[in-house]
Amino acid sequence: MSSIRVNPYPMPDLLAALEQLQQQQTNATLELGTGSSINKPSDNPAGAAQLIKINNLSSQVDSFQLSIGSISGQFSTADSTLSSVVTVLQRAISLGVEGANGTLSDADRAAVAAEVTGIQSQLLSLANTSYQGQYIFAGTANTQPFIVDPTQGSGVRYVGNTGTNSVAIGNGYQLQVNLPGSQIFTGTGGNIFLAINDLITSLNSNTGIGAAVTELGNAFSYVTGQRVFYGNALNQTQSQQTYLSSETVSLSQQLNEIGAANIADVASQLANDQTAQTATLEAIGKTPQSSLFDYLK
Amino acid sequence: MSSLFGALSIATGALGAEQGAMDATTNNVANANTPGYSRLRPVLTESDPVVEGSVTYGEGVTLQKLESLRDPILQLRIEDETQQQGQLNTFVSAMQQAQVQFTSTSSDIASQISNFFSSLNQVSTDPTNLSLRQSVLTVAGNMATVFNNTSDSLSQQQTNLDLSVTQTVQQVNTLTGQIASLNTQISQLQGTGQDASAFEDQRDVAIGQLSSLIDVSTINSDNSLTLTTSNGTALVVGGQSFSLSTQTNASGFQDVYAQGVDVTSKLTSGQLAGLIQVRDQTIPGLLSNLDTLASGLANALNAANAKGFDLNGNPGGNIFVPPSVSGQGYAANMAVLITDPSLIAASSDGSQGSNGNVAVLAAVQNQAVAGGQTPTDYYSNIVASVGNDVANGTAELSSTQLVLNQLQDQLGSISGVSLDEEASNMVQYQRAYDAAANVVTTINDMLFTVINMSTLTT
């Protein structure tokens, strides 16, 4: 007998092949079901590690966007508050100009002074504006920043602090979110409460009204200048928001590149595996059911 | 001397030899599906001839023995591969279990770390907001819990593996006992010149099973077989087996002893080695990585909190229960120390509305807190290493499986029973038997003729 003897039991080989095919099909089905090619770390260890890092970045971006949402409300409130302050000051200035008119009777001037006094309390209330329970012009103090104090020349006292807060709206991007009220309303460049108080005093005494109006005009310019801070901050959050949105898109693209199942590939792989499985099953079915014994009669 | 009776005895001998050959075929067919069975082959030889003058008379056929077809070298290679396979199989299936802990979900360690820092960032937008602060504590609790659970699951798996070590040692002892008693039977039979192939087959099966459990070296000398572990400790010497035993070690796990010597770390293949590798190296490595990460995070966050002031204006204290210096076992015991959300030190100057210290706390996310890496990078490396272990183990396992299949194919081609072959042998033996029987009949006729010769002459 010179021919090579073959293993008469092909079954274990066939069963191993079948097992392998079934395993591949299970994996392919899982990939199709989840749409992800990395369903456990061993599917692609380096990819799995990458996914963790990208997911973390993506969660940071989400959190920056949430922060922007929260501080934008604060910025809008501050901005519109300062816009009202500006409007109210404009009215006070025109009242002052009116009061400076020498033809006005004492009673008329007193009426003007009364209206300016009304403006004064309006300004006080604006300077004490709060957003979600937090006074926005108190620096970092958690207290009503301006209180009435007749001993002061301006008639009010600032009891907030000069602290400022910053909020992270990007990696390494800290945006200052507030200006202390002392800087906005009672700064050295222009103290609106002092100017208003001076105007009321001058109206009542009918002396130096012109000077008081000038002082108020300076304070008005100063506050308008301070308001720019919030406008800028709003702009910055908006452009950062745009950047973060594109970042989200880019991160999810990276996620897909690393982790998404190639549906076409997987589906055709699955089809191949199924064909191979059918073939293997047929091979098993066709393993000789008979031997030479059946033919010996 | 040539005679009719001589011819008769040759024919009878042939009948016996063919019957014996038929026995081999019958036994082969009967054991066609018996695991480990090595087929038998009749060894027929010409009987010594008788020389008379110038004529040499053949003396027929002798059935020397029924030889069982085996390849000891191939058998050794199969045992070797089986040991590899046993080790890899155990390693891979244990690591697949461990891997589940590191599979990406919305509540895994990585996600909880991200969640914690996200929620911390939100505090900066409204530092006096208690509900924002509370959610930081809640998420911190979740983060501690996922460290606890991951660590506990791994420890639990370690305990299960330890149980398997004890069970495997018992299986090894049962098998070495069986092999020793088979050795005795084989050497007794071989000593009296008898065929011991049936027992040899059984022994091969038992050694095969043993190989999947532990690394054994087989030393086969005349009539005797010695099995040792790879470091040379005897498991079976002839008819004597030496049991392995287990003893509890300092970590509370079972160490394996062979004849009083601790061989735990010396086992290199087989299921036992795989179990011990995962129990004593891989899982402790993962646990210690988790401890490093958890304690690094807790220390860094505690330190960052201490740099600021809480809502009451007091200097910040610990957020997490402080880890021990080594950090050992911290992942299992990580816990949030504070329950009062106002104790988060968001303020950098003591004023309530300040958020300056939130940036310090949040910066921990990008600090090298564990092994010189950021928390997320460190964790992602743990995941990659678990994934690599499983992926490499699986690849090695399937290549070992392939080699093993090929070797078994090869062994099957030598020792396996082919029914076709047996059928053709049967025909051959049957025809030869028929022919020999015909010869007997013919000689009988001839003898009849001789016996009746006298009658013919009268």
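The values are calculated or read from the model by the stated rules, or taken from the named source; none is laboratory data. Fair warning: this is a prediction, and the values are worked out from it, not measured in the lab. Here Cβ is always computed from backbone atoms with ideal geometry, including for glycine, and neighbour counts include all displayed protein chains. Side chains are part of the model used for accessible areas, which takes the heavy atoms of the whole protein and leaves out ligands, DNA and RNA. Shrake-Rupley method; radii C 1.70, N 1.55, O 1.52, S 1.80 Å.
For A:Lys286, the lysines whose Cα comes closer than 25 Å to its Cα, not counting residues fewer than 8 places off in the same chain, are A:Lys297.
Could you report the stretch B:179-315's accessible area per residue, 1.4 Å probe, as an integer in Å²? Spell out each step's value before the answer.
Working: 5460 Å² over 137 residues.
It amounts to 40 Å² per residue over the stretch B:179-315.
Mean silhouette area of the stretch B:77-405, derived from the convex hull of its C-alpha atoms and averaged over all directions, reads 18.7 nm².
Got a number for carbon plus sulfur as a percent of chain B's accessible area, 1.4 Å probe?
Values: 10500 of 20180 Å².
Answer for chain B is 52 percent, counting heavy atoms of protein chains only.
Relative to the longest principal axis of the Cα atoms of chain B, helix B:72-100 runs at roughly 20 degrees. Ordering A:Asn218, A:Ala264, A:Gln50 by Cα displacement along the dipole of chain A toward the positive end leaves A:Gln50 in first place; charges were set at the Cβ atoms of Lys, Arg (+1) and Asp, Glu (-1).
Considering every Cα-Cα pair within the stretch B:275-432, what fraction, in whole percent, is farther apart than 20 Å?
So the portion of pairs separated by more than 20 Å is 67 percent.
Annotation: lysines with alpha-carbon distance below 28 angstrom to A:Lys40 (same-chain offsets under eight excluded): A:Lys53.
Enter the mean projected area of the convex hull around the alpha-carbon atoms of the stretch A:220-293, in nm², rounded to one decimal. Please report the intermediate quantities before stating the final value.
Details: hull surface 29.1 nm².
Dividing the Cα hull surface by four gives the mean projection, 7.3 nm².
Per residue, the convex hull around the alpha carbon atoms of the protein assembly as shown comes to 190 Å³.
Projecting label points 7 angstrom from Cα along Cα→Cβ for B:Thr138 and A:Val249 puts them 3.3 nm apart. Partner shielding of A:174-180 amounts to 1, given as the average count of beta-carbon atoms from other chains within 10 Å of each residue beta-carbon. Express in whole angstrom the spacing between the alpha-carbon centres of the stretch A:232-275 and the stretch B:56-127. A separation of 34 Å, based on Cα centres. When the Cα positions of A:Ser80, A:Val61, A:Asn206 are compared along the charge dipole of chain A, A:Val61 comes out farthest toward the positive end, with charges on each C-beta of Lys, Arg, Asp and Glu. Based on the Kirkwood approach, the hydrodynamic radius assigned to the stretch B:134-210 is 16.6 Å, with every pair of different Cα atoms included. Between the alpha-carbon centres of the stretch A:122-200 and the stretch B:288-333 there is a gap of 37 Å. When shorter helices are ignored and each DSSP H run of at least 4 residues is given -39500 (n - 2.57), the per-residue value for the protein assembly as shown at 222 nm works out to -22000 deg cm²/dmol. Counting every pair of alpha carbons in chain A, the share spaced more than 30 Å apart comes to 60 percent. Note that the stretch A:58-157 presents 41 Å² accessible area per residue, ligands and nucleic acids not counted, probe 1.4 Å.
Each Lys and Arg contributes +1 and each Asp and Glu -1, all at the Cβ; summed about the Cα centre of chain B, the dipole is approximately 1260 debye.
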